[in-house]
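Reading through the C-alpha cells given below for one structure.
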Amino acid sequence: MDETISIVLFSGTDDKLQSASVMAAGAAALGRPVKILLQYWALDAFRADRINADHGLAPEAGEAGRAAMDAVTRAGGAHWSATMRAAKEIGDVDIQACSASMELLKLKQTDLDSLVDGIEGVASFFINAGEGQILFI
C-alpha cells in the first residue's frame, strides 16, 4: 500500500482545504506518499500572509455548512493548515506550487507559507504522480 496519492488542489475555500488536509493526513498515516499541486485559489490560500485567514466555504455549504464549520472551530477543531502540518510530520507529504499559477498570481516562493516545498510545472507533477491515484479538489 505504498502507491502515491496525488492531489490537485484548486479550490481555496476552507472546507475544501480541510478536506485535502484530512485526505493527506490519512494517506500519510497509512504510509502512502502524498504529492499535492497547488493551483489558483488553493495556492492563494497558502500565501504566508493569508494562510490563517477565513477563506469562506464552497457555495453548496450554505448556512448549515457555515454553522457546522463554526461549531467544529468552537469545539477546538484544528485549522486545515495545522492538519496539513501534522500530515507532513506523519509521513511523506510533498506540496508544490504550480508554476503557471505562480506566474498568474505574480507570486514568488518567499510569498508562500513554509508548508510549500517548492514550485513545479504540471508535466513534472504528472511524472511524479506515477501510476498512483490523482484526486482533484
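The values are calculated or read from the model by the stated rules, or taken from the named source; none is laboratory data. Just so you know, these numbers come straight off a predicted model, no measurement behind them. Positions of Cβ are generated from backbone atoms using ideal geometry, with glycine treated the same way; all protein chains shown enter the neighbour counts.
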Can you name the condition, by its number, that Leu37 falls short on among (1) among the hydrophobic types (A, V, I, L, M, F, W, C); (2) in a helix (DSSP H, G or I); (3) touching an Asp or Glu at 6+ places or on another chain (Cβ under 8 Å)? (2)
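Rundown of residues vs (1) of a type in the set (Phe, Trp, Tyr); (2) in a strand (DSSP E or B); (3) on the phi > 0 side of the Ramachandran plot; (4) touching a Pro at 6+ places or on another chain (Cβ under 9 Å), yes/no style:
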{"residue": "Glu89", "(1), (2), (3), (4)": "no, no, no, no"}
{"residue": "Asp94", "(1), (2), (3), (4)": "no, yes, no, yes"}
{"residue": "Lys106", "(1), (2), (3), (4)": "no, no, yes, no"}
{"residue": "Val116", "(1), (2), (3), (4)": "no, no, no, no"}
{"residue": "Ser124", "(1), (2), (3), (4)": "no, no, no, no"}
{"residue": "Ile127", "(1), (2), (3), (4)": "no, no, no, no"}
{"residue": "Glu131", "(1), (2), (3), (4)": "no, no, no, no"}
{"residue": "Leu135", "(1), (2), (3), (4)": "no, yes, no, no"}
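Each row is one residue, and each column tells you yes or no for (1) under 16 Å from Leu112 (Cα atoms); (2) in contact with a Phe, Trp or Tyr (Cβ under 6 Å, 6 or more places away or on another chain); (3) surrounded by fewer than 22 Cβ atoms within 10 Å (Cβ to Cβ).
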position: Gly31; (1), (2), (3): no, no, yes
position: Val34; (1), (2), (3): no, no, no
position: Leu37; (1), (2), (3): yes, yes, no
position: Leu43; (1), (2), (3): yes, no, no
position: Arg50; (1), (2), (3): yes, no, yes
Quick check on the range 60-75. Is at least one of its residues outside any helix (DSSP H, G or I), touching a helix residue (DSSP H, G or I) at 6+ places or on another chain (Cβ under 9 Å) and in contact (Cβ under 8 Å) with a residue 12 or more places away in the chain? no
Count of residues meeting criterion [on the phi > 0 side of the Ramachandran plot and at pLDDT 95 or above] in the range 32-67: 1
